[in-house]
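First up is the structure itself, then whatever we jot down about it.
The values are calculated or read from the model by the stated rules, or taken from the named source; none is laboratory data. None of these values were measured; they are calculated from a predicted model. So basically every Cβ, Gly included, is an ideal-geometry build from the backbone, and we count neighbours across all protein chains shown. Ligands, DNA and RNA are stripped out before the accessible areas are found, and what is left, the full protein with its side chains, is counted by its heavy atoms. Shrake-Rupley method; radii C 1.70, N 1.55, O 1.52, S 1.80 Å.
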Amino acid sequence: QLGTHFAQSSNIVPFLDIIEGLATKVGTKAEVTSVDPLGDNAGLSVGMKASGSFSSVYKFITLLENSPYELEFVSMNIQKGIEADAKGNVSEVWNAIFRLKLLSFME
């Protein structure tokens with residue numbers, strides 16, 4: 001079971017898919033913007049953008065914090081914005097840009 005807490009380099013794409021899947025479960029749109037190995041098995045740096053209602057973005061961050069992987073939030077910026085649809089209806093949207101460090105990463 002210990003192995004389930006580590007992501008191996010061959011499993012990076014499924015790991016990123018899991019993260020994006022968590023966002024979908026709570027109604028947040030998320031996309032991975034960057035992935036950088038930190039070298040010497042120090043971890044993996046993942047940049048992400050997420051958007052949705054405040055509640056959905058908050059739930060997504062909570063799911064990440066409670067995921068089976070050992071993640072560290074390196075930086076985060078959350079801002080409220082306004083979005084218009086094709087019909088011109090305006091709604092509030094929250095945008096989060098953050099960088100995670102996957103500590104439980106094995107090459």
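Observations, loosely collected:
- Selection within segment 53-107 - within 17 Å of F15 (Cβ to Cβ), touching a Ser or Thr at 6+ places or on another chain (Cβ under 8 Å) and of a type in the set (D, E, K, R): E70, R99, K101, E107
- Given (1) among the acidic types (D, E); (2) out of contact with any Lys or Arg (no Cβ under 9 Å at 6 or more places or on another chain); (3) open to solvent by 80 Å² or more (accessible area, probe 1.4 Å); (4) at pLDDT 85 or above, index of the condition E107 fails: (4)
- Selection from segment 53-68 of residues that are touching a residue at least 40 places away in the same chain (Cβ under 8 Å), open to solvent by less than 100 Å² (accessible area, probe 1.4 Å) and farther than 15 Å from I19 by Cβ: S53
- Answer from L71, L16, L38, L22 - the residue that is touching a Leu at 6+ places or on another chain (Cβ under 7 Å), buried (at least 16 other Cβ atoms within 10 Å of the Cβ) and at pLDDT below 90: L71
- Listed by position, the strands (runs of 3 or more DSSP E) inside segment 41-107 whose residues that are β-branched (V, I, T) number at least 3 are 71-84, 90-102.
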